[in-house]
Amino acid sequence: MSTAAPFPLIDRHTHLEGSLDPAWVRNEAARRGLTLPRPLETLWAGAAVPFEGFIEAFLFGAALLDSREAVHEAVRAVTRRTQRTGGAGFDLWASPHFLVVHRGQLPLDAFWRGVEEGLAEAQAEGVRGCVVVDAVNHFGPKHGHAVLDLVLPGLPPFVKGFSTGGLEGCPFRDWAPVFDRARAAGLRVAAHAGENGPGSNVREAVLEGGVSRIVHGLRADDATLELLAERRIPVDVCPSSNGALAADVVPHPLPRMLRAGVRCALGTDDPGLIPCDLGTEATSARSMGLEDTVLAVLRRNGAEDAWCLLP
Ligand SMILES: [Zn+2]
């Protein structure tokens, strides 16, 4: 063969609660007699909303995940969206503690069974998926430990990682003991950093939190990009989400990150709220002036560093 087969196309960062199929959400809302929040309709129409509006829309969808069937349906939505663009896998962030404990809307066992059924269905159709358990950064390390207390006993084999998300309100050095515990349990550790918090958070997450993967990293300075490149830390970049939730970061730093040698890959983040898929994200990357050869690098990184492709 003169050319190697292309690397599988992977959605490297998508949230279960933010990936629901809008048609399913509409139906569920109607069935339950709920009015759709205005920010959700606004986001679906492709317009921006303030961050609080995004959270309101996100929570509305999350509240619908109150049964095994609903969780299964949510994973199915991720699979369908991935397939639509020729994708072969996804790393799926999910917040069981929020749904099971904080909201108390379904038992943990029902949650995991819904995910398991969805992932098995995906696998039968040639799409690989894994779960990264998300904890809320601004709730602090005590919450992080509570998340681990919930998920570590009887941890399903499809859970490959642990991550912080939400507002970057708590220093990563304070999270270090939680991250250490997750690693000791065999999980890989990632962090949303440099998105709604300063770029210094990216450096701190790596040096003091010891994370092996960064989500977004948008505000990292050149020295931090050098550090990420040197340590081969993967960075998940989600242009549509960034445009909506970190609109002040212009121009988008993806070309600069790639020039610095950072192992970036594309993800969709919350495509059920901010309409996008891997196709729109590749188009965004192209509109930043990136050539096909660079898009191929994004795809290669996306596969090589994916947790869903781990054995
Ligand atoms: Zn995210």
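Bear in mind these aren't lab numbers, they're just calculated from the coordinates by the rules spelled out. Everything quoted here is computed from the prediction, not taken from an experiment. When we count neighbours, we look across all protein chains shown, and the Cβ atoms used for this are built from the backbone with ideal geometry, even at glycine.
Please tell me if residue 280 is surrounded by fewer than 22 Cβ atoms within 10 Å (Cβ to Cβ), of a type in the set (S, T, N, Q), touching a residue at least 24 places away in the same chain (Cβ under 8 Å) and more than 16 Å from the ligand (Cβ to nearest atom).
Details: surrounded by fewer than 22 Cβ atoms within 10 Å (Cβ to Cβ): yes; of a type in the set (S, T, N, Q): yes; touching a residue at least 24 places away in the same chain (Cβ under 8 Å): yes; more than 16 Å from the ligand (Cβ to nearest atom): yes.
Yes: the conditions hold for residue 280.
Test residue 248 against the stated conditions and say whether it is among the acidic types (Asp, Glu), closer than 29 Å to residue 40 by Cα, surrounded by fewer than 18 Cβ atoms within 10 Å (Cβ to Cβ) and away from the ligand (no atom under 16 Å from the Cβ).
Judged against the criteria, residue 248 is a match.
Out of the residues in segment 112-149 that are of a type in the set (Asp, Glu) and under 19 Å from the mean Cα position of the chain (by Cα), which is nearest to the ligand (Cβ to nearest atom)? Spell out the reasoning first.
At the first step, the residues of segment 112-149 found to be of a type in the set (Asp, Glu) are 116-117, 121, 125, 134, 149.
Narrowing the set further to residues that are under 19 Å from the mean Cα position of the chain (by Cα) leaves 116, 134.
Working: 116: 22, 134: 8 Å.
Within segment 112-149, the match that is nearest to the ligand (Cβ to nearest atom) is 134.
In segment 173-195, what residues are within 16 Å of the ligand (Cβ to nearest atom) and either assigned to a loop (DSSP other than H, G, I, E, B) or out of contact with any Lys or Arg (no Cβ under 7 Å at 6 or more places or on another chain) (or both)?
191, 192, 193, 194, 195
Give the residue, chosen from 302, 272, 243, that is within 17 Å of residue 13 (Cβ to Cβ), assigned to a loop (DSSP other than H, G, I, E, B) and within 16 Å of the ligand (Cβ to nearest atom). Don't jump to the end; show me each part of the working.
On the way: 302 fails: assigned to a loop (DSSP other than H, G, I, E, B); 243 fails: assigned to a loop (DSSP other than H, G, I, E, B).
Result: 272 is the single residue among 302, 272, 243 that is within 17 Å of residue 13 (Cβ to Cβ), assigned to a loop (DSSP other than H, G, I, E, B) and within 16 Å of the ligand (Cβ to nearest atom).
How do the helices (runs of 4 or more DSSP H) wholly within segment 1-113 filter down when requiring 1 or more residues that are β-branched (Val, Ile, Thr), closer than 23 Å to residue 236 by Cα and in contact with a helix residue (DSSP H, G or I) (Cβ under 6 Å, 6 or more places away or on another chain): which remain? Full working, then the answer.
Numbers: elements: 22-32, 38-44, 51-63, 68-84.
Helices (runs of 4 or more DSSP H) meeting the threshold: 68-84.
If you go through segment 154-172, how many residues are in contact (Cβ under 8 Å) with a residue 40 or more places away in the chain, touching a helix residue (DSSP H, G or I) at 6+ places or on another chain (Cβ under 7 Å) and away from the ligand (no atom under 15 Å from the Cβ)?
Here the count works out to 2.
When both residues are 6+ apart or on different chains and their Cβ atoms are under 9 Å apart, which pairs have a first residue that lies in segment 4-31 and is without any contact (Cβ under 8 Å) to a residue 60 or more places away in the chain and more than 18 Å from residue 94 (Cβ to Cβ), and a second that is away from the ligand (no atom under 16 Å from the Cβ) and small (Gly, Ala, Ser)?
From segment 4-31, the pairs are 28/70.
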